[in-house]
Amino acid sequence: MHERERHRIILSAIQEKPVVTVQDIAELTEASEATIRRDIATLHVQGKLRRVRGGAEAIHPPQLGALAARPFRVSESVNIDRKRAIARRAVELCDEGDSIIINGGTTTFQMVHYMSARRLQVMTNSFAIAEHLVKHSKCTVSVPGGAIYRDQSLILSPFENDAIRNFYARRIFIGAQGITALGVMESDALVIQSEQKLVRQAEELIVMVDSSKFSKRSSLILCPLDKVSTIITDDAITDEAAEMVTDAGIKLITVKPMASSEKEDSTSAA
């Protein structure tokens with residue numbers, strides 16, 4: 001990952017919470033801790049953040065009341081080669097004319113690049129997904145009512161009486177903060193509330209996560225594993241994680257990360 005891209009991720013991450021550790025950023029960028037320390041020092045000198053012991057903090061702290069979920073722009077380019085491959089395989093599961101639900105997230109967002117020639121009935125709570133499909137596809141797009149959370153590009157409502165309950169889908173595609181034996185994990189209660197409403201409207205739940213998510217935990221559980229029909233991940237999944245998935249009776253689909261040329265082709269096609 002280039003220095004400019006690391007800096008963008010660091011600056012976005014410190015708007016997510018008041019202090020971000022070197023270890024947190026190293027995990028996000030897949031760079032060494034020594035590299036991250038140098039990046040933080042550079043941004044500190046430029047006056048873009050404040051260096052603190054073990055990490056960095058925002059000069060202008062994030063506003064109270066924001067979602068706990070990670071901002072869209074922070075995660076968008078992390079593991080992009082894996083996300084694109086997972087997304088392409090997910091779209092291949094859809095038949096022409098299908099009704100599907102796509103939950104907001106950076107992995108599910110990548111599905112839009114393979115939907116330009118499709119005619120699908122799509123419900124999504126992602127402002128970014130809805131906007132892209134309206135501009136660049138033949139799909140019919142529906143969105144629920146609610147407030148738009150700009151950082152996460154999500155449309156969320158705490159109320160039951162919205163457009164979600166009038167839409168029924170063959171499949172729902174979601175991402176996740178983590179996958180454990182306890183279930184599918186997320187980081188924000190309002191996000192979980194929205195996702196649970198969406199999940200109830202679909203016959204099959206398909207979870208799209210790169211292999212790193214099997215080593216991550218969160219404080220909240222969206223649903224137990226027995227609610228999941230299929231998990232699509234990349235071929236770096238460990239044997240232990242794969243066994244956990246199959247032992248739960250879940251169909252496991254693994255894909256190889258996309259090469260740069262494939263990513264360029266898919267982007268130009270979109």
Directionally averaged shadow of the chain, computed from the convex hull of its alpha-carbon atoms, nm²
14.1 nm²
For a quick check of understanding: with a 1.4 angstrom probe and all protein chains in place, what accessible area in square angstrom does Lys135 have, to the nearest ten?
140 Å²
Checked against a 26 Å limit on the C-alpha separation, the offending pairs among Lys135/Lys256; Lys83/Lys135; Lys197/Lys256 are Lys135/Lys256; Lys197/Lys256
SASA check, Val255, accessible area w/ 1.4 Å probe, all protein chains in place, rounded to nearest 10 Å², comes out at 20 Å²
So for region 126-178, using the alpha carbon gyration tensor with a ≥ b ≥ c as root eigenvalues (a/c under 1.5 gives rounded; past that, a/b versus b/c decides prolate or oblate), I'd call it rounded
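By per-residue mean of other Cβ atoms within 10 Å, what is the highest-first order of 196-208, 33-45, 170-182?
The peptides rank, most packed first, as 170-182, 196-208, 33-45.
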If you restrict to DSSP beta bridges whose two residues both lie in the chain, what percentage is antiparallel, to the nearest 5?
40 percent
Which of Leu198, Ala242, Val228, positive extreme of dipole for the chain (C-beta unit charges)
Leu198
How high is the relative contact order of the chain, in percent, counting Cα pairs under 8 Å that sit 6 or more residues apart?
16 percent
Show the residues, 5+ positions off or on another chain, whose built amide H is closer than 5 Å to the amide H of Ser142.
Val122, Met123, Thr124
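The values are calculated or read from the model by the stated rules, or taken from the named source; none is laboratory data. It should be emphasised that the depicted structure is a prediction, and the values quoted were computed from it without experimental measurement. Heads up, the Cβs are rebuilt from the backbone with ideal geometry, glycines too, and the neighbour counts pull from every protein chain shown. Accessible surface is based on the protein model in full, side chains and every heavy atom, while ligands, DNA and RNA are left aside. Shrake-Rupley method; radii C 1.70, N 1.55, O 1.52, S 1.80 Å.
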